[in-house]
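Student: I'd like to ask some things about the structure below.
The values are calculated or read from the model by the stated rules, or taken from the named source; none is laboratory data. These numbers come from a predicted model, not from an experiment. Don't worry about glycine lacking a Cβ; one is built from the backbone with ideal geometry, like all the others, and counts go over all protein chains shown. Just so you know, the surface numbers come from the protein's heavy atoms only, side chains and all, with ligands and any DNA or RNA stripped out. Shrake-Rupley method; radii C 1.70, N 1.55, O 1.52, S 1.80 Å.
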Amino acid sequence: MSGVVVVGLFEGIEKAEGAGNALRALPLAEDRITTLSSMPLPDGSVSRDTRRILFPRVTLIGWFVGALGGVALSLGTYLLYPLITGGKAIVSVPPTLIVTYEVAMLGALAGTVVAGFREMGLMRFRTKLIHDPRIHEGKILLCASVEPGNQAERAIAAMKAGGGIDVRSEEGEL
Amino acid sequence: MNPKWAMAIDLDRCTGCGACGVACSAENNVAVVGEAEVGKGRSMQWLRVARYWDGEYPEATAVYLPVPCMQCERAPCETVCPVYATYHNEDSLNAMVYNRCVGTRYCANNCPYSVRVFNWFDHKWEKPLDEQLSPDLTVRSRGVMEKCTFCIQRIRRAKETAAEEGRGIRDGEVIPACVQTCPPGALLFGDLADPHSEITRKLRDPRRFRLMEHLGTEPRVVYLKRQKGAGR
Amino acid sequence: MNGVSSQGGGDHLARTDQGGLYRELSRSNLPATKRWYAVVGLLSLVTLWGVGCFVYMMKVGMGVTGLNRPVMWGALIASFVFWIGLSHSGTLISAILRITNATWRAPILRGAEAMTAFALMVGGLFPLVHIGRNWRFYYMLPYPNSRQLWPNLRSPLMWDAVAINTYLLGSLTFLYFGMIPDLAIARDHATGWRRKFYTVLALGFRGSHNEWRRYHVASTIFAILIIPVAVSVHSIVGWDFAMAKVPGWHSTIFAPYFVTGAIFSGLAGVVLVMAVLRKVYRLERVLTTVQFENLGKLLCTMSLLWGYFYFAEFLTVWYNRNPEEWEVYRSYGGDYLPLWLSMVVCNFVIPFPLLCMRRVRRSIPALCFVSLLVVVGMYAERFLIVVTSLARRNDPFIWHNYFPTWVEFSILAGALAMFLLLYTVFAKLFPIMAVSDIQERLFQATDRVVGGTTVESIARPEASGEGGHG
C-alpha cells in the first residue's frame, strides 16, 4: 500500500485495539490497517492479516528443483564418466538418493529465502518505508492507509480520540 | 578378448629373501625412505614380505607372505576415491592414476590388505642414483597414493609389441619385476583367460587359497598353501 | 487475547524498561575495549601460527604429521568429526526447541546458532587441510572441464562435501534470518557507521504485522528443514567410517551413534560458550540458572543416550569376538587404555551421575566443569574411533601406533583459535542476544493468581487458532 498513511503511537495493546476499532468503524477495510511493533502481536489483537501466506509453496518447488539438481549431479556424473569402481553398478542408487536429498534440502532452503524475503517485503531499499524507532520503547505504531483528504482527517481524529501520541499523516509504503 | 591377469604365489617355495620387493622398487621408481621412516611405519615398498612367527622360542618358525596388490575384482579402494583416481580398467586391473590423486587416503583405509602406500614427502634420488630411474614411469610427488600395478608398463609394452606383430600376447611374455627376480621361483604371473597358460594350470592345485577371501574382494592374487613335512 | 490478564497484572514486557533491556542485552556491541583487542590479537596470533604450520605441511608433505601406514587418518580427521559434531548445538537449540515451543531457549538462541555456523566453518576446513595435494582440492568439485572428468559421488567423502555445504548454507541462513529483527532493533538504536551497517543488514525490516507473521512462518520452515539436514550431515560423517572395510568402523550403528555424540558435544559446547558470554558481558539477569539447568537436563539425557549407544556397540563386538574386530577392542586394554578410559570416564562415568543431581545442574561452575569433561571425552571418542581401528586392522604385520606431532597440535590449536576469533568478532559486531525473542517471551508471560499463590503464565498465540495462515 502506498500513498498517504496515517500513523499514531500507542502505549499498550488495549489503546491500540480501541483505536483500531475506531478506524474500522470509519469505515476502513481491514487490509488497510496494520501495526508496527517491536515484538510480534498475535493476529487479531490489534490488526488482522488478511492476505494468504504463499511462499511455503516456493519451499516445496525449491525442494523439487533441488532434487532434480541432486539427481543430475549424481546420476549425471555417473553416466557422463562411467568408470567401474569396486565392481559396483555404474548407476549406484543409494548414493544417488543421499545426494539428491541433500541438494533438495538446499533447494528448499534457497526457495524459502528468496520467496520469503520477497513476501515479507524485505530488501526494498529504494522505497520510503513507514517506520518509527519509538516502537522499541514498548509502544505500538498503528498505521492506516487512507485516501488523502476527508478520510485521512477522520482517521487522524479517530486515532487522537483513542489516545494516540504524535498522530500524523506520512507519505510512504507500509 | 581382454586378458585377466593374475599372480600365483607358492608359499612352499618362498624363502622370505625379499628380492621381489627390491626388484619392484627398482623397476617402479619406488623411493627408499630410510630406516627412520620405515620405523615410523612409512615404508614405500609396493610388495611387502610379511613375516609372522609361528610358535614360541626356541621352536618358533617364520611364515613368509609376500603381499602385492591383490588387484581385486571388487576392489574396495575404488568406490571410495572421491576423484576416480583409482578404477577398474579393461585388463581387469586396479588402475592408479597418480596425477588425479588428491591424497585423501580413503583408498588406503579401505584396503583390507593395506597394500597401498602414500608419498609422505617428496623424494630425492641423489646422483648418480637418479640415473637408475625407469623412464617408463613417473616419479610421484608428495601427497599421492601408489601401489603395485602388476608392472603395467611391462604389460603395455607387451601389448604394443604383440599388436605391432599382429598377434596375441604369448604366455610368459609379460613378467613383472618381482616374478622375474624371485630366486626360488615362488611367483608366477599370467593370463587366467588363457586356458593353456602356465598359471591356469598351476592354479588347479588344491592348495590354492586367497587372502581374506571372506571379505568378498575377489583378489586376483592366489596363494598356494605351504605344506609341512620334510622334503615337500 | 489481550495483554492484560484480569487476574494479576500486565505482561512482563509492559513492566520492563525496553530501552534498558536493550542496553543490557547489547553490551557486547559496545565499542571495543583494550581487553577485547588483546584477546582478538592473541587469537589471531594462534590462528596465524596454525595456518603457518598448515602451509609448512603443504610444502614439505604430510610426513610432518604422525600419520603412517596403516593409520592414514589421525588427529586431523578426528578434529573434523569433532567440529562438525559441535555444530549440532545450534540446530538442537534453535530448531528443535523452537518446534517444541520451549520458551526458555530465547537467551541462548543466537549464541548457539553462531556456534553452529562457526563450528561448521572450522570443521569444513579440515578436509582441505588433511588431503595430500591440497592445491588440487578442486578435483573434488563437479565442474565441466576439457578432459571431461567428474568426481565420484559414490564416495562418502563427496556426500560429506554436499551435506556439509548444505548444512553450512542452511545454518548461516538460519543465523542471519533469526538476527533480522534484532538487527532492526540495533539499527534503530545505532549511530554512525554502525547505523549504516545495521541498516543494510536488517534489509528494511520494521516489525509490521505482515512482516512478523511471515517471519514466523519462515522461521518455522527453516527450523523444520534444518533438523533433517543436521541429522543427515552427521550420519554422513559417520558413514565416512561405516562404509569402510575397517574392523571397528564397519558398523551399522555409526549413523545414529555419531548424531547422538554430536548433539552431546554440541550441548556441552553451548554451556561453555554461554557461561563465558555471561561472565564477560554481565548477562546474569538474562542467562539465568533456568537456561543452564535446562541445558544440564538435556546434557544428562544425551550422556545417557551416548552411554547406551556405546554399550550397544561394545556389546555386539564383545559377544561375537570376531577376531578382526576384537583385536581393535583388545587394544583398549593395552596401548590405548588411557584414551579409552578418558572417553568413558569423561563422557559417562562422571557426567551422568553428576548431572542427575539438581545441585550440579543449577550451579554454573559445576556445569562448566562437566561440559569441559564432555568436550574432552568426545574428542577422545573421535580419536579412539579413527585411530585404534586403523592401528589394529586386518594384517597384524603392519600394525602401528600413532601419535600427533607438533604440526598437528598447532593446526588443532589454530582451528580452536579461529573458532574463538570468529565468535569474538561476531559478538562484537552482531547482536549476540536474541533481543526480539527475549522481548517476545516477556510479552507472552503474565502473572496469574491461582488461589493463594501467583504463578507465571505463558501465552501461546499459535495454539489459540488464529486464522489467515496461507
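Student: Build a GNM of chain A with springs between Cα atoms under 10 Å: which of A:23, A:83, A:60 gets the top mean-square fluctuation?
Tutor: A:83
Student: Between A:52, A:134, A:124, which gets the highest mean-square fluctuation from a Gaussian network model of chain A, Cα cutoff 10 Å?
Tutor: Judging by the Gaussian network model, the answer is A:52.
Student: Another one. How high is the FRET efficiency between residue B:134 and residue B:173 when r is their beta carbon distance and R₀ equals 22 Å, given to the nearest 0.05? Numbers along the way, then the final one.
Tutor: Values: r = 19 Å, r/R0 = 0.85.
E between residue B:134 and residue B:173, to the nearest 0.05, is 0.70.
Student: Relative to the first principal axis of the alpha-carbon coordinates of chain C, what is the inclination of helix C:406-429, with its axis defined by its Cα atoms, in degrees from 0 to 90 and to the nearest 10?
Tutor: 10
Student: Still on this structure: Please identify every one of the trypsin sites (Lys or Arg not before Pro) in the stretch C:108-176 that sits in a loop by DSSP and has no more than 15 other beta carbons within 10 Å of its own beta carbon. Kindly include the intermediate steps, with their values, before the conclusion.
Tutor: Values: sites: C:110, C:133, C:136, C:147, C:154; in loops: C:133, C:147, C:154.
Hits after loop and neighbour filter: C:147.
Student: Could you give the nm distance between label points at residue B:156 and residue B:210, where each point is 7 Å from its Cα heading toward the beta carbon?
Tutor: 2.7
Student: Please give the helix A:13-24 orientation as an angle from the longest Cα principal axis of chain A, in degrees from 0 to 90, rounded to the nearest 10.
Tutor: Rounded to the nearest ten degrees, it is 80.
Student: If amide H atoms are built 1.01 Å from N in the plane of the peptide, which residues on other chains or at least 5 residues away come under 5 Å of the amide H of residue B:102?
Tutor: none
Student: Inside 10 Å of the C-beta atoms of C:226-234, what's the mean count of C-beta atoms belonging to other chains? Provide the component values of the computation, followed by the final result.
Tutor: Details: counts 2, 0, 3, 6, 0, 0, 4, 1, 0.
Across the residues of C:226-234, the mean count of other-chain Cβ atoms within 10 Å is 2.
Student: Please work out the FRET efficiency for the pair residue B:59 and residue C:397, using the Cβ-Cβ distance as r and a Förster radius of 22 Å; give the result to the nearest 0.05. Before the final figure, lay out each step's value.
Tutor: Working: r = 21 Å, r/R0 = 0.94.
Working from the Cβ atoms, E equals 0.60.
Student: Another question about this same structure. Using a 10 Å cut-off around each Cβ of peptide A:136-146, what is the average number of partner chain Cβ atoms that fall inside?
Tutor: 3
Student: I would also like to ask the following. Run the helix sum for chain A: -39,500 (n - 2.57) per DSSP H stretch of 4+ residues, divided by residue count, reported at 222 nm to the nearest 500 deg cm²/dmol. If you can, show how the numbers build up before the last one.
Tutor: Values: 5 runs with 73 residues, N = 174.
So the calculated ellipticity at 222 nm is -13500 deg cm²/dmol.
Student: Strictly greater than 21 Å: what percent of every Cα pair in chain B meets that? Working shown, then result.
Tutor: Details: 15719 of 26796 pairs.
Tail of the P(r) past 21 Å holds 59 percent of the pairs.
Student: Follow-up question, since we're still on this one. May I ask you to evaluate 6.51 cos²θ - 1.76 cosθ + 1.60, the Karplus curve with θ = phi - 60°, for each residue of the stretch B:126-136 and list the ³J(HN,Hα) values in order in whole Hz, giving x for glycine and proline?
Tutor: Karplus values, whole Hz, x for Gly and Pro: 5, 4, x, 5, 5, 7, 8, 5, 7, x, 6.
Student: May I pose another question? Viscosity 0.890 mPa s, temperature 25 °C: what is the translational diffusion coefficient of the stretch A:55-120 from Stokes-Einstein with a Kirkwood Rh over Cα pairs, rounded to a whole number of µm²/s? Don't skip to the answer; put the middle values down first.
Tutor: On the way: Rh = 12.6 Å.
In µm²/s, the coefficient rounds to 195.
Student: Please list the radius of gyration and Dmax for chain C, considering alpha-carbon atoms only, with Å as the unit.
Tutor: Rg then Dmax for chain C, in Å: 24.0, 81.
Student: Which cross-chain or sequence-distant (5 or more) residues have an amide H under 5 Å from the amide H of residue B:151, H modelled 1.01 Å from N in plane?
Tutor: Answer set, sorted by chain and number: none.
Student: Can I ask one more? Given the rule -39500 (n - 2.57) for each run of at least 4 DSSP H residues, summed and divided by the residues of chain C, what is its mean residue ellipticity at 222 nm, to the nearest 500 deg cm²/dmol?
Tutor: Values: 16 runs with 294 residues, N = 470.
Theoretical 222 nm ellipticity from helices: -21500 deg cm²/dmol.
Student: Another question about this same structure. For a label point 7 angstrom out from the Cα of residue B:227 toward its Cβ, which stretches of the stretch B:201-221 have the backbone nitrogen within less than 13 Å?
Tutor: Only B:205-208 fall inside the zone, counting backbone N under 13 Å.
Student: Can you pick out the pairs among B:159/B:225; B:147/B:228; C:34/C:428; A:139/A:160 whose Cα atoms lie more than 23 Å from each other?
Tutor: Details: B:159/B:225 32 Å; B:147/B:228 32 Å; C:34/C:428 13 Å; A:139/A:160 15 Å.
Checking Cα-Cα distances, B:159/B:225; B:147/B:228 exceed 23 Å.
Student: Between helix C:34-60 and chain C, what is the angle of the helix's C-alpha long axis to the longest principal axis, kept within 0 to 90° and rounded to the nearest 10?
Tutor: Between the helix axis and the principal axis of chain C, the angle is about 30 degrees.
Student: Also, quick follow-up: Mind giving me the nanometre distance, one decimal, between the label points for residue C:288 and residue C:146, set 7 Å out from Cα along Cα→Cβ?
Tutor: For residue C:288 paired with residue C:146, the spin-label model returns 6.8 nm.
Student: Okay, moving on. Apply the Karplus parameterisation 6.51 cos²θ - 1.76 cosθ + 1.60, with θ equal to phi minus 60°, to every residue of the stretch C:120-127 and state each ³J(HN,Hα) to the nearest whole Hz, in sequence, with x for glycine and proline.
Tutor: 5, 4, 5, x, x, 6, 4, x
Student: Would you calculate the volume per residue, in Å³, of the smallest convex hull containing every Cα atom of the protein assembly as shown?
Tutor: 197
Student: Which Cys in chain B stand alone, with every other cysteine's Cβ at 4.7 Å or more from theirs?
Tutor: Isolated Cys, chain B: B:14, B:17, B:24, B:72, B:81, B:101, B:111, B:151, B:182.
Student: Still on this structure, I have one more. Gaussian network model of chain B, Cα springs within a sub-10 Å range: biggest mean-square fluctuation belongs to which of B:27, B:56, B:131?
Tutor: Fluctuation is largest for B:56.
Student: When the label point is put 7 Å from the Cα of residue B:26 along its Cα-to-beta-carbon vector, which residues of the stretch B:130-158 have a backbone N closer than 13 Å?
Tutor: B:132-134
Student: Please give the FRET efficiency for residue A:171 paired with residue C:413, using the beta carbon to beta carbon distance and R0 = 51 Å, rounded to the nearest 0.05.
Tutor: About 0.35, to the nearest 0.05.
Student: Taking θ as phi - 60°, what are the ³J(HN,Hα) couplings along the stretch C:140-149 by the Karplus curve (6.51, -1.76, 1.60), each to the nearest whole Hz, with x for Gly and Pro?
Tutor: Taking θ as phi minus 60°, the curve returns 7, 8, x, 10, x, 9, 5, 8, 6, 9 Hz for the stretch C:140-149.
Student: What figure in square angstrom, to the nearest 10, would you give for the accessible area of residue C:330 with a 1.4 Å probe?
Tutor: 140
Student: Quick one: net charge around residue C:346, please, counting Lys, Arg +1 and Asp, Glu -1 for every other residue with C-beta under 14 Å from its C-beta.
Tutor: Combined, the nearby Lys, Arg, Asp and Glu give 0.
Student: Given a cut-off of 15 Å, what percent of all Cα-Cα pairs of the stretch B:142-232 lie beyond it?
Tutor: Numbers: 2905 of 4095 pairs.
For the stretch B:142-232, the share of Cα pairs beyond 15 Å comes to 71 percent.
Student: If you stretched the chain out fully between residue C:345 and residue C:457, how much longer would it get, using 0.36 nm times the residue separation minus the C-alpha to C-alpha distance? Show your work: numbers first, answer last.
Tutor: On the way: separation 112, 0.36 × 112 = 40.32 nm, distance 4.08 nm.
In short, 36.2 nm is gained.
Student: Still on this structure, please answer the following. Mind checking C:131-141 for the average number of partner chain beta-carbons within 10 Å of each residue's beta-carbon? Display every interim value, and only then the final one.
Tutor: On the way: counts 8, 13, 11, 3, 2, 8, 4, 2, 8, 4, 1.
Partner-chain Cβ atoms within 10 Å, mean over residues of C:131-141: 6.
Student: Give the aspartates and glutamates whose C-alpha is closer than 17 Å to that of residue A:15, dropping any in the same chain fewer than 8 places away, or say none.
Tutor: Cα-Cα hits under 17 Å: A:43, A:137, A:166, C:11.
Student: Beta carbons within 10 angstrom, averaged per residue: use that to sort the peptides B:45-55, C:225-235, highest first. Each step should come with its number before you reach the end.
Tutor: On the way: B:45-55: 16.5, C:225-235: 22.7.
Ranked from most to least packed, the peptides come out as C:225-235, B:45-55.
Student: Another question, then. For residue A:84, what residues show an amide H to amide H distance below 5 Å, using hydrogens built from the backbone and excluding near sequence neighbours?
Tutor: B:88
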